[in-house]
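Engineer: There's a structure below that I have some questions on.
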Amino acid sequence: MKKTLSLIIILISTLSCAQDKNPVNTKNDYKVIVSDLDIPWGFVFLPDGSLLINEKAGQLIHFKNGKKTIISGLPLIHFSGQGGLLDIVLHPNYKVNKWIYFSYATASGKENGANTAVARAKLKGNTLIDFEVLYKAEPNSKKGQHFGSRLVFDKKGYLYFTIGDRGDRDLNPQDISRDCGKVYRINDDGSIPKDNPFHNQPSAKKAVYSYGHRNPQGMVLHPKTEEIWTHEHGPRGGDEINIIKKGKNYGWPIISYGINYSGTTFTELTEKEGMEQPLHYWTPSIAPSGMAFINSTKYGNWQGNLLVGSLKFQYLDMCTLKDNTIIKEERLLDGLGRVRSIEQGPDGYIYVGIENLGIVKLIRKN
């Protein structure tokens, strides 16, 4: 009877939150910059204004002067379930060293299944050269979900990346001796900073920076505070935004504002001592992907707002912030398709990767 009553309370709360948190629609316009893309999981601008685009199925595309060119030299990409060719970023000193960083799902050795890897390479003509793997999560798994993965450099040159729990909810996220369900920090060459929080713990994965995560598919450096912000998928309800702090436990799956997809509960707790509370959470889930701050004057008083893509409801969620609290949400690009990736371009405009459409430029009309 107690479990039934708890479930009823959670469902009533879910319906109430859905009504309270439904973002208002905002009129806006867009221009298609790159058309005919399937799942543009990540993209980045090169110094000449051209684009490198990761198609999830395993194609790296160079888009320049209206033309797409397939870049060769990628490793074998494990394209299955939520796995594939994922995020892409440039080294902060790219103009000098030419390093490009990738995350992707890959198998290794004779093990079955796959896991997330992070690598870097250089572009020469239409081919990747000097390709090297910097980190490979172990062990491989046959499960098709929760590969993560986003990449962000901070101002000190550290590379942060996310790997989801790979569907092993009760095994990986709370165990720092295991990969998956973590945010990681490494040096740009793949070595591990000696001041990482678990570097001196013998059994720990030394690259782990924070843990207790489910499946972070958005990560961005705050343009003013230089803090690392992430968002991650909850189960049914409980998608979160978090500010990542060194060595902290973000609670999954011990605490959560979500329930199982079946409607049953897996935890009675939404908070616990020693575990971080989210800055914000969505109930019902919006299935977030991609994340960017508006950090230019191109959009007037939208400057400083946070953008989060919704796969489930197919819109760009613009979040107005005050003292690290979301006080307003507005729907942009509503109904164009599943929003997968978001970047601010060198021209100050926001560009959005939308599944089965392409990459569009956000234009404010009002």
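Engineer: Pop a pseudo-label 7 angstrom from the Cα along the beta-carbon direction at both Leu269 and Asn126 and give the gap in nm to one decimal.
Structural biologist: 5.5 nm
Engineer: How large is the charge dipole for the chain, taken about the Cα centre, if only the Cβ atoms of Lys, Arg (+1) and Asp, Glu (-1) carry charge, to the nearest 20 debye? The partial results should precede the final answer.
Structural biologist: Values: 46 positive and 37 negative charges, 84 e Å.
In debye, rounded to 20, the chain gives about 400.
Engineer: I would also like to ask the following. So what is the calculated 222 nm ellipticity per residue for the chain, using -39500 (n - 2.57) for each DSSP H run with n of 4 or more, over all residues, to the nearest 500 deg cm²/dmol?
Structural biologist: Values: 2 runs with 23 residues, N = 366.
Taken over the chain, the calculation gives -2000 deg cm²/dmol.
Engineer: Identify which of the listed values of volume of the Cα convex hull per residue in Å³ was calculated from the structure shown: (i) 140; (ii) 342; (iii) 157.
Structural biologist: Label of the calculated value: (i).
Engineer: How large is ³J(HN,Hα) for each residue in segment 338-347, as worked out from phi by the Karplus curve 6.51 cos²θ - 1.76 cosθ + 1.60 (θ = phi - 60°), to whole Hz, x for Gly and Pro?
Structural biologist: In residue order, the calculated couplings are 5, 7, 9, 8, 9, 9, 8, x, x, 8 Hz.
Engineer: Apply the Karplus curve 6.51 cos²θ - 1.76 cosθ + 1.60, θ = phi - 60°, to the phi angles in segment 44-59 and return the couplings in whole Hz, x for Gly and Pro.
Structural biologist: For segment 44-59, the Karplus curve yields 8, 8, 7, x, 7, x, 6, 10, 9, 10, 8, 7, 3, 5, x, 10 Hz.
Engineer: Could you work out how much longer the chain between Ser80 and Lys328 gets when fully extended? Use 0.36 nm per residue separation minus the Cα distance between them, nm to one decimal. If you can, show how the numbers build up before the last one.
Structural biologist: Values: separation 248, 0.36 × 248 = 89.28 nm, distance 3.65 nm.
Full extension of this stretch gives 85.6 nm more.
Engineer: Within the chain, what's the longest run with no GluC sites (Glu not before Pro) in a DSSP loop and at most 13 other beta-carbon atoms within 10 Å? Give the range, please. Please list the in-between numbers first.
Structural biologist: Details: sites that count: Glu111, Glu226, Glu227, Glu268, Glu271, Glu273.
My reading of the result: 112-225 is the longest stretch.
Engineer: So what is the relative contact order for the chain, in percent, with contacts set as C-alpha pairs under 8 Å and at least six apart? Intermediate results must be reported in sequence, preceding the final value.
Structural biologist: Values: 985 pairs, mean separation 57.1, N = 366.
Dividing the mean separation by the residue count of the chain yields 16 percent.
Engineer: Under a straight-distance cross-link criterion of Cα-Cα below 22 Å, which lysines are reachable from Lys155, leaving out those fewer than 8 residues away in the same chain?
Structural biologist: Hits, sequence-local ones excluded: Lys95, Lys98, Lys122, Lys182, Lys194, Lys206, Lys224, Lys245, Lys246, Lys248.
Engineer: So what's the gap between the Cα centers of segment 94-142 and segment 327-342, to the nearest angstrom?
Structural biologist: 30 Å
Engineer: Now a separate question. Only sites in a loop by DSSP and with at most 12 other Cβ atoms within 10 Å count here; which trypsin sites (Lys or Arg not before Pro) in segment 297-366 make the cut?
Structural biologist: Details: sites: Lys298, Lys312, Lys322, Lys328, Arg331, Arg338, Arg340, Lys361, Arg364, Lys365; in loops: Lys298, Lys312, Arg338, Arg364, Lys365.
When the trypsin sites (Lys or Arg not before Pro) of segment 297-366 are filtered for loop state and at most 12 Cβ neighbours within 10 Å, Lys365 remain.
Engineer: Next up: Determine the sum of side-chain charges near Tyr184: Lys and Arg each +1, Asp and Glu each -1, restricted to other residues whose C-beta is under 10 angstrom from that of Tyr184.
Structural biologist: +3
Computed from the coordinates by the stated procedures, all read-outs in this text should not be read as laboratory data. Just so it is clear, the model here is predicted, and its values are computed rather than measured. Counting neighbours? That spans all protein chains shown, and the Cβs are built from the backbone with ideal geometry, glycine included.
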